[in-house]
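Below is one structure, written out as structure tokens, with a few remarks after it.
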Amino acid sequence: MKGSIIMIGDKLRELRAIHRMSQTELAKSIHVSQQVITKWENGKSEPSSAYLNDIANLFNVSTDYLLGRTSDQTPNKELSKNQKLVAYSIDPDISDEERKAIIEMVQAAKKFRRRI
């Protein structure tokens with residue numbers, strides 16, 4: 001368990017550096033205190049699964065990457081059943097490519113909203 005806590009902390013620090021984001025900026029983005037981010041990065045505690053998902057979405061990586069289960073940062077881009085239903089409801093005659101583009105736009109809008 002301790003190894004996974006350290007792994008998450010290392011990944012957080014690395015992703016913040018890549019995205020030139022301070023602990024305070026990350027904290028504001030996912031609605032926690034800067035002290036919580038410090039504890040996560042120093043292995044004193046670990047984020048809940050909900051916060052892991054928020055972090056993964058913010059940095060566009062998989063939760064498996066954050067947990068050290070894979071070195072592949074890319075989250076699974078397969079559309080969920082609900083995502084397909086939403087895209088089909090917009091226009092049932094659109095192609096899979098167009099559907100994916102719509103989902104990506106929605107995901108980008110959600111990310112942007114979190115940064116504000």
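Please treat every number below as a calculation from the coordinates, not as lab data. Treat the numbers as computed from the prediction; the structure is a model and nothing was measured. Cβ sites come from the backbone with ideal geometry, for glycine too, and all protein chains shown count toward neighbours.
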#### Entry: DSSP-assigned coil residues among trypsin sites (Lys or Arg not before Pro) in the range 7-76, each with at most 12 further Cβ atoms within 10 Å
Arg20, Lys44, Arg69
### Message
Could you list Met105, Met7 so that the one with the fewest beta carbons within 10 Å of its beta carbon is first and the one with the most is last?
### Response
Met105, Met7
### Summary
Fewest-first ordering of Ser71, Ser22, Ser62 by Cβ atoms within 10 Å yields Ser71, Ser22, Ser62
